[in-house]
Amino acid sequence: MPTALITGGHAGIGLECAKQLASRSRYNLVLAGRSMEQINATAQQLRTAYDIRISTLELDTSSLSSVRDAATKFRAMLDTGEVASFEALLCNAGGYFGGPLSYSKDGYETTFATNCLGHFLLIELLTERMGDNGRIVFTASGTHDPDTADGKMVGIVAEPDAIALANDGRDGKKPLSAGKRYSTSKLCTILYAYELHRRLRRAGSSIASIAFDPGAVPQTGLLRTMPKPVQWLAKTRFMKWITKRVGVTQGSISFSGASLAKVAADPAYRNASGRYFQSNNGALSDTRSSKLSYDEQRALKLWNDSKTLVRLQPNEESVQLR
């Protein structure tokens, strides 16, 4: 049976995706995340419900050492046969970090470290071990597009400059707002997805790199750090009606999770590399991302600067991604 590695697969959209992969696509799973207590409990529930092989990995995407440790353990799983036929990597974990500006253990702004650098490094470390028809799926967000209601709702994106984003607020400079940090991290996610697609094709690889927007889902991490009244209001029917009227992309845990699984495993999406799929009002569509997301020079700079920030070593860089 094929195996999918899912970051953040123990809750929200990631958990619903895991259920779909287990029940419909018959994938074995590797669930990766920070809280091993939660991950192990979820893994046991899925084993009981679907009778598949499920492994777990401790992985904090904000920590480069944690990503390296998790990648080493995952490669060992492949070598020993605990995990076979690595066919899907779902870069799903992430978060919205409101409140005071904070930095990761590596000294990088928390939003960019968590939503971008950790997954970037994981891809570099694991792509070589994927099957020929593997898929790498990035969970993105419509907030990356300033020409849409989604993009205006949280904060208009800043320049996707990895060095500046990683050091946001340093040297006495005014930091970006939490919303801008989040939306810009999602723009970077799509730039990564498209640049990865180009690199894989130049290398003659058939691995797919896909960007997926689950739509606005109030129950997920975007609202977790917001005031309780805001969290409550966002989940009401009235607020859903309002956001729909103004054009905000609407998602749900059930449909968006199922759509993520479909993009990752359904044969219909085998040739979907380099594209952007959006879950909106119960429909999954192949659509255009923002104008800026197709800027190849910005994507190239983002990729190379990210290699510097994660301190990628020559023996770590995937041959397919050079």
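The values are calculated or read from the model by the stated rules, or taken from the named source; none is laboratory data. Keep in mind the model is a prediction, meaning the values are calculated, not measured. Here the Cβ is made from the backbone with ideal geometry for all residues, glycine too, and neighbour counts use every protein chain on show.
Out of the residues in the range 301-322 that are among the hydrophobic types (A, V, I, L, M, F, W, C) and more than 19 Å from the chain's Cα centre (by Cα), which is modelled with the highest pLDDT? Steps first, please.
From the range 301-322, those among the hydrophobic types (A, V, I, L, M, F, W, C) are 302-303, 309-310, 312, 319, 321; that's our starting set.
Applying the additional criterion that residues be more than 19 Å from the chain's Cα centre (by Cα) yields 312, 319.
On the way: L312: 97, V319: 80.
So, considering only residues that are among the hydrophobic types (A, V, I, L, M, F, W, C) and more than 19 Å from the chain's Cα centre (by Cα), the one modelled with the highest pLDDT is L312.
How about the range 160-181: which of its residues are assigned to a loop (DSSP other than H, G, I, E, B) and either in contact (Cβ under 8 Å) with a residue 12 or more places away in the chain or under 19 Å from the mean Cα position of the chain (by Cα) (or both)?
P160, D161, N167, D168, G169, P175, L176, S177
Among the candidates L260, L284, L292, L312, single out the residue that is in contact (Cβ under 8 Å) with a residue 24 or more places away in the chain, part of a loop (DSSP other than H, G, I, E, B) and surrounded by 14 or more Cβ atoms within 10 Å (Cβ to Cβ). Before you say what the answer is, go through the steps one by one.
Working: L260 fails: part of a loop (DSSP other than H, G, I, E, B); L284 fails: part of a loop (DSSP other than H, G, I, E, B); L292 fails: part of a loop (DSSP other than H, G, I, E, B).
After applying the criteria, what remains is L312.
Looking at the range 145-183 only, could you name the residues that are modelled with pLDDT under 95, β-branched (V, I, T) and buried (at least 18 other Cβ atoms within 10 Å of the Cβ)?
Listed by number, the list holds a single entry, V154.
Take the range 1-48 and flag every residue that is among the aliphatic types (A, V, I, L, M) and farther than 15 Å from G257 by Cβ. First the steps, then the outcome.
From the range 1-48, those among the aliphatic types (A, V, I, L, M) are 1, 4-6, 11, 13, 15, 18, 21-22, 29-32, 36, 39, 41, 43, 46; that's our starting set.
The answer is M1, L5, V30, A32, M36, I39, A41, A43.
Please tell me if N115 is in a loop (DSSP other than H, G, I, E, B) and either touching a Gly at 6+ places or on another chain (Cβ under 7 Å) or among the polar types (S, T, N, Q) (or both). Before the answer, list the steps.
Values: in a loop (DSSP other than H, G, I, E, B): no; either touching a Gly at 6+ places or on another chain (Cβ under 7 Å) or among the polar types (S, T, N, Q) (or both): yes.
Criteria not met by N115.
Just to be sure before I move on: is L121 under 19 Å from the mean Cα position of the chain (by Cα), in a helix (DSSP H, G or I), surrounded by 22 or more Cβ atoms within 10 Å (Cβ to Cβ) and at pLDDT 95 or above in the structure I sent? Walk me through it before giving the result.
Working: under 19 Å from the mean Cα position of the chain (by Cα): yes; in a helix (DSSP H, G or I): yes; surrounded by 22 or more Cβ atoms within 10 Å (Cβ to Cβ): yes; at pLDDT 95 or above: yes.
Answer is yes for this residue.
Residue by residue through the range 193-216, note down the ones that are part of a helix (DSSP H, G or I) and touching a Phe, Trp or Tyr at 6+ places or on another chain (Cβ under 6 Å). I'd like the intermediate steps shown before the answer.
Taking the range 193-216 first, the residues part of a helix (DSSP H, G or I) are 193-202.
Scanning the range 193-216 gives A193, E195.
Based on what the data block shows, is T111 over 15 Å from G33 (Cα atoms), surrounded by fewer than 17 Cβ atoms within 10 Å (Cβ to Cβ), polar (S, T, N, Q) and out of contact with any strand residue (DSSP E or B) (no Cβ under 9 Å at 6 or more places or on another chain)?
Criteria not met by T111.
A quick yes/no check of all residues on (1) farther than 26 Å from A216 by Cβ; (2) more than 17 Å from the chain's Cα centre (by Cα):
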{"position": "G14", "(1), (2)": "no, no"}
{"position": "I52", "(1), (2)": "yes, yes"}
{"position": "S62", "(1), (2)": "no, no"}
{"position": "L101", "(1), (2)": "no, yes"}
